[in-house]
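Comments concern the structure below.
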Amino acid sequence: MSRLVEDYEVIVVNDGSRDRTREMVEALSASDPHVRCVSHPQNRGYGEALRTGFSSSVKDLIFFTDGDKQFDVNEVERFIPAIQDADLVIGYRRPRRDPLLRLFYAVGWKLLVTALFGYAARDIDCAFKLFRREVWETVHVNSGGATFSAEFLVKARRKGYRVKELRVTHYPRTAGRPTGGNPRVIIRAFRDLIWLRAHLNDE
């Protein structure tokens, strides 16, 4: 990262993990002050993990990606120049290396979001996004679950923020377990989406 920008921080959000994530990141922090860990005492969901990470950051630009090794973080090198004439630079996975059922869910989710709110992104939930701090400070996201990214993008576009989309490489999952097919996650996502549709014009 230091070869791309001089002033940076790396925030690892430990969302109630039961492994040694917190201990390992804190050990790394002792030798590298750019790295720090923010932990939830118990699992609070994907959207809440993003909210904690974004709100904990102190730099003018915020970049996030997942820790499941499905992205090459070095590709942010192409995103940094692109942010000069945009407010958000968001990735889209082509090709997307996920199981067939997960791809089916993704297509249905995009169609539903587009039908309810208009175009948000080619790949709404792609976990490879760079955006200005101003966007996060202005766009209030209520969802703490899987609807987080959709709500963030829908509201950012409604406020007139400039969005640029770039292709990113996607790799098969080698670590962690996907939760997108979990019935509880799906129910929460639909509930949050319905809430968003009902209250979008309130803000």
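Structure above, values below:
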quantity: Wholly enclosed strands (runs of 3 or more DSSP E) of the range 10-119 bearing at least 2 residues more than 24 Å from Ile186 (Cα to Cα), free of Cβ contacts under 8 Å to residues at least 40 places away in the same chain and among the charged types (D, E, K, R); calculated: none
quantity: Conditions (1) part of a helix (DSSP H, G or I); (2) surrounded by 20 or more Cβ atoms within 10 Å (Cβ to Cβ); number of the one not met by Cys126; calculated: (1)
quantity: Where a residue in the range 182-201 is over 16 Å from Ala120 (Cβ atoms) and its partner, wherever it lies, is at pLDDT 95 or above and surrounded by fewer than 11 Cβ atoms within 10 Å (Cβ to Cβ), with Cβ under 9 Å and at least six apart; calculated: none
quantity: Any hit, the range 104-121, residues being under 26 Å from Glu75 (Cα atoms) and in contact with a Ser or Thr (Cβ under 8 Å, 6 or more places away or on another chain); calculated: yes
quantity: Tally, over the range 67-99, of residues that are buried (at least 18 other Cβ atoms within 10 Å of the Cβ) and either farther than 20 Å from Val135 by Cβ or basic (Lys, Arg) (or both); calculated: 4
quantity: Number of positions in the range 143-191 that are at pLDDT below 95, surrounded by fewer than 16 Cβ atoms within 10 Å (Cβ to Cβ) and assigned to a loop (DSSP other than H, G, I, E, B); calculated: 9
quantity: Within the range 44-57, tally of residues that are at pLDDT below 95 and either farther than 20 Å from Phe152 by Cα or surrounded by fewer than 17 Cβ atoms within 10 Å (Cβ to Cβ) (or both); calculated: 1
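Each row is one residue, and each column tells you yes or no for (1) touching a Leu at 6+ places or on another chain (Cβ under 9 Å); (2) surrounded by 11 or more Cβ atoms within 10 Å (Cβ to Cβ); (3) at pLDDT 95 or above; (4) within 13 Å of Gly67 (Cβ to Cβ).
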position: Glu6; (1), (2), (3), (4): no, no, no, no
position: Glu9; (1), (2), (3), (4): no, yes, yes, no
position: Asp19; (1), (2), (3), (4): no, no, no, yes
position: Glu26; (1), (2), (3), (4): no, yes, no, no
position: Ser29; (1), (2), (3), (4): no, yes, no, no
position: Gln42; (1), (2), (3), (4): no, no, no, no
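Here's the yes/no breakdown for (1) aliphatic (A, V, I, L, M); (2) under 12 Å from the mean Cα position of the chain (by Cα):
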| position | (1), (2) |
| --- | --- |
| Phe64 | no, yes |
| Lys69 | no, no |
| Asp87 | no, no |
| Val107 | yes, no |
| Ala146 | yes, yes |
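The values are calculated or read from the model by the stated rules, or taken from the named source; none is laboratory data. No experiment lies behind these values; they were computed from the predicted model shown. So basically every Cβ, Gly included, is an ideal-geometry build from the backbone, and we count neighbours across all protein chains shown.
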